[in-house]
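Reading through the structure tokens given below for one structure.
The values are calculated or read from the model by the stated rules, or taken from the named source; none is laboratory data. Note that this is a predicted model, so its numbers are computed, not measured. Neighbour counts are summed over all protein chains in view; Cβ atoms, including those assigned to glycine, are modelled from backbone coordinates with ideal geometry. Note: areas computed on protein heavy atoms with side chains; ligands, DNA, RNA excluded. Shrake-Rupley method; radii C 1.70, N 1.55, O 1.52, S 1.80 Å.
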Amino acid sequence: LGLRDREVNIEKGNRFRILCFGDSWTFGWGVDVENSWPRKLEQYFHEKGFKNIEVINCGQGGQYTTT
């Protein structure tokens with residue numbers, strides 16, 4: 001799908017999905033993908049016991065809130 005993070009299976013099964021749209025902050029420009037805030041959000045949910053939540057990073061560098 002052209003996302004920075006891992007590939008996403010179209011069939012979500014019993015998972016809940018959170019889509020994160022945004023600019024280079026969401027994309028995680030300048031940091032490893034593991035340190036992007038969408039990945040940190042997913043890690044937080046998993047640590048709290050919500051293993052069926054998947055956070056998808058749809059950020060694109062160079063974009064603004066208007067796009």
#### Entry: Gain on full stretching of the segment that runs from TRP29 to ASN9 - 0.36 nm per residue minus C-alpha separation
4.8 nm
### Query
Once Lys and Arg get +1 and Asp and Glu get -1 on their Cβ, which of TRP37, PHE50, VAL8 lies farthest toward the positive end of the dipole of the chain?
PHE50
### Query
Non-local amide H neighbours of ILE53 (under 5 Å, H modeled in plane, Pro and chain starts lacking H): which ones?
PHE16
### Summary
Expressed as a percent, the accessible surface of the chain that is carbon or sulfur, using a 1.4 Å probe and the full set of protein chains, is 56 percent
### Message
With θ taken as phi - 60° and the coefficients 6.51, -1.76 and 1.60, list the Karplus ³J(HN,Hα) couplings across the range 4-17 in order, rounded to whole Hz; mark glycine and proline as x.
### Response
5, 7, 4, 5, 10, 6, 4, 7, 8, x, 9, 7, 9, 10
### Query
How much accessible area per residue does the chain have, in Å², with a 1.4 Å probe?
75 Å²
### Message
If you take log10 I(q)/I(0) by the Debye sum over Cα atoms at q = 0.11, 0.24 Å⁻¹ from the coordinates, which of (i) -0.20, -0.95; (ii) -0.23, -0.97; (iii) -0.26, -1.06 do you get?
### Response
(iii)
### Query
Roughly how tilted is helix 37-47, in degrees to the nearest 10 and between 0 and 90, from the longest Cα axis of the chain?
10 degrees
### Query
Once phi is turned into θ = phi - 60°, what whole-Hz ³J(HN,Hα) does the Karplus curve with 6.51, -1.76 and 1.60 give for every residue of the range 26-34, x standing for Gly and Pro?
5, 4, x, 4, x, 10, 5, 4, 5
